[in-house]
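Visitor: To start, I am sharing the structure in question, which I have written as structure tokens.
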Amino acid sequence: MKEGNNRNLYFNMVLGAIGIVLVFIGTYEFLKVVENLKGLFLIMAGMTIIVHYIYQLEGKVGVSTKTIWIKAAILIGIVLGIFYFY
């Protein structure tokens, strides 16, 4: 039963990471149209707080610190890659 719980946890972590990437892409597209620097800082500060909170919750659930940092590095790489190439 523990294996099934781990798979479900990791599946939800992947979905959460995809959701975060989609929110960043939407924010980027919105800010390209609006060109509001104040909005950029507010959105990025809010997203940073949300991502930190999600990682804290994952740590409380029992996800290893190594897994959280690997996921964070992948997420940062994807977001920066999208911003750079898009």
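Computed from the coordinates by the stated procedures, all read-outs in this text should not be read as laboratory data. Note that the coordinates shown come from a computational prediction; the quantities given were computed from them, not determined experimentally. We place every Cβ from the backbone using ideal geometry, glycine too, and count neighbours over all the protein chains shown.
Visitor: In degrees from 0 to 90, rounded to the nearest 10, what is the angle of the helix 2-34 Cα long axis to the longest principal axis of the chain?
Guide: Value to nearest ten degrees: 0.
Visitor: So how do GLU35, GLU58 line up by other beta-carbon neighbours within 10 Å, fewest first? Working shown, then result.
Guide: Details: GLU35 8, GLU58 19.
Sorted ascending by nearby Cβ count, the order is GLU35, GLU58.
Visitor: By how many nm would the segment from ILE74 to ILE18 grow when fully extended, if each residue of separation counts as 0.36 nm and the alpha-carbon distance is taken off?
Guide: Working: separation 56, 0.36 × 56 = 20.16 nm, distance 1.10 nm.
Gain on stretching ILE74 to ILE18: 19.1 nm.
Visitor: Then there is this: Lysine pairs, Cα distance under 27 Å, 8 or more residues apart or cross-chain: how many in the chain?
Guide: On the way: LYS2/LYS60; LYS2/LYS66; LYS2/LYS71; LYS60/LYS71.
Lysine pairs satisfying the spacing and distance rule in the chain number 4.
Visitor: Viscosity 1.002 mPa s, temperature 20 °C: what is the translational diffusion coefficient of the chain from Stokes-Einstein with a Kirkwood Rh over Cα pairs, rounded to a whole number of µm²/s?
Guide: Answer, rounded: 151 µm²/s.
Visitor: Provide the gained length on full extension for the span ALA45 to THR67, in nm with one decimal, where the gain is 0.36 nm per separating residue minus the Cα-Cα distance. Let's see the in-between values first.
Guide: Numbers: separation 22, 0.36 × 22 = 7.92 nm, distance 2.37 nm.
Additional length available on full extension: 5.5 nm.
Visitor: Please rank VAL21, VAL61, fewest neighbouring Cβ atoms within 10 Å first, as an exposure proxy. Before the final figure, lay out each step's value.
Guide: On the way: VAL21 15, VAL61 11.
Fewest-to-most Cβ neighbours within 10 Å comes out as VAL61, VAL21.
Visitor: Let me ask another. Please give the calculated 222 nm ellipticity per residue for the chain, where each DSSP H segment of at least 4 residues contributes -39500 (n - 2.57) and the sum is spread over every residue; nearest 500 deg cm²/dmol? Don't skip to the answer; put the middle values down first.
Guide: Working: 3 runs with 79 residues, N = 86.
Here the helix-only value at 222 nm equals -32500 deg cm²/dmol.
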